[in-house]
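Every number in this text was worked out from the coordinates using simple rules, so none of it is lab data. On a predicted model such as this, the values are computed, not experimentally measured, just so you know. With ideal geometry, Cβ positions are generated from the backbone for all residues, glycine too; neighbour counts draw on all protein chains shown.
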């Protein structure tokens with residue numbers, strides 16, 4: 001059974017960035033010749049499925065819009081590509097945009113998924129004595145620093161009357177955290193799908209608690225203010241197509257799990273578990289959804305994870321009309 005352990009080196013990041021820059025240059029030439037271009041950056045996932053189907057290209061063709069695709073290894077690398085003007089659109093979790101905005105990236109939110117709290121959770125070894133959130137006090141808890149799950153941990157502890165400092169935080173990327181969890185070097189691991197489902201299926205990990213009732217755990221689609229200003233019609237169609245993929249997946253989970261397992265390189269039993277607890281739907285970012293991001297930004301500032309307090313009003317969501 002395949003486990004999901006993507007990793008990337010600085011050389012790979014540089015290579016991806018150079019490729020994206022070259023793509024941006026070529027797309028710029030196309031734009032100068034009279035056509036519009038939507039340059040999409042994506043990670044393996046739903047955007048990959050949209051790419052494979054070609055429906056976005058068909059819908060944008062009558063508008064004279066060409067679509068180009070560049071695959072990235074992680075959300076932060078995508079956001080860097082946006083910052084240097086190499087892509088116009090991409091997908092990312094809740095936390096990376098906050099760091100990008102703190103660094104001055106020209107990011108605005110084009111779309112968001114519905115809340116998906118069951119897709120991130122605290123897991124422990126099957127035989128662990130940890131049976132409740134209160135039992136995490138003083139324990140070694142692994143998670144990716146500055147990610148969605150760090151925000152989840154803060155709010156989870158707060159809900160159960162604990163402080164962030166009541167646990168021993170062990171900052172590890174998913175692949176390293178999995179290895180530490182497997183050899184017993186940490187007491188608990190906070191992780192998201194599909195890593196979560198993979199740990200349950202291949203490590204017999206026990207789910208202690210997921211994010212239901214604690215945080216929303218949305219995914220976001222982003223663009224630049226410049227692109228949003230001149231191509232609202234293109235963004236509207238992109239979000240509609242993504243919602244179409246989500247709607248199809250919600251009604252065809254068996255087929256979706258098969259397709260997603262091929263994209264992610266995972267055993268279908270893992271994607272079955274993942275999609276079995278997923279919620280589906282993509283739409284515009286409302287002021288209420290942006291307020292959720294503001295809460296994350298405020299929390300990260302209080303934790304001194306970002307250097308300044310953010311006001312996300314300047315990143316007001318795109319009005320798709």
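Before moving on, here are some points about what is shown:
- Pairwise FRET efficiency - residue 203 versus residue 255, Cβ, R0 = 35 Å, nearest 0.05: 0.80
- The relative contact order of the chain, computed from alpha carbon pairs under 8 Å that lie at least 6 residues apart in sequence, is 25 percent.
- Using a cutoff of 8 angstrom between alpha carbon atoms and counting only pairs six or more residues apart, the relative contact order for the range 93-158 works out to 44 percent.
- Evaluated at q = 0.14 Å⁻¹: base-10 log I(q)/I(0), Debye formula over Cα of the range 26-145: -0.76
- Each residue in 248, 46 was given a count of other beta-carbon atoms within 10 angstrom of its own, and listing them fewest first yields 248, 46.
- Estimated FRET transfer efficiency when R0 is 22 angstrom, pair residue 279-residue 319 (beta carbons, to 0.05): 0.35
- Highest mean packing comes first when the peptides 232-244, 281-293 are listed by Cβ atoms within 10 Å, giving 232-244, 281-293.
- Using equal-weight Cα scatterers in the Debye expression, the normalised intensity of the chain in log10 at q = 0.07, 0.13, 0.14, 0.16 Å⁻¹ is -0.28, -0.98, -1.14, -1.46.
- GNM result for the chain, Cα springs below 10 Å: residue of 73, 271, 113 fluctuating most strongly: 73
- Relative compactness, the range 117-210, computed as alpha-carbon Rg over 2.2 N^0.38 Å: 0.94
- Part-to-part distance (alpha-carbon centres) for the range 123-193 and the range 242-321, which is given in Å: 22 Å
- Extended-chain gain in nm, criterion 0.36 nm per residue less alpha-carbon gap, residue 233 and residue 132: 31.5 nm
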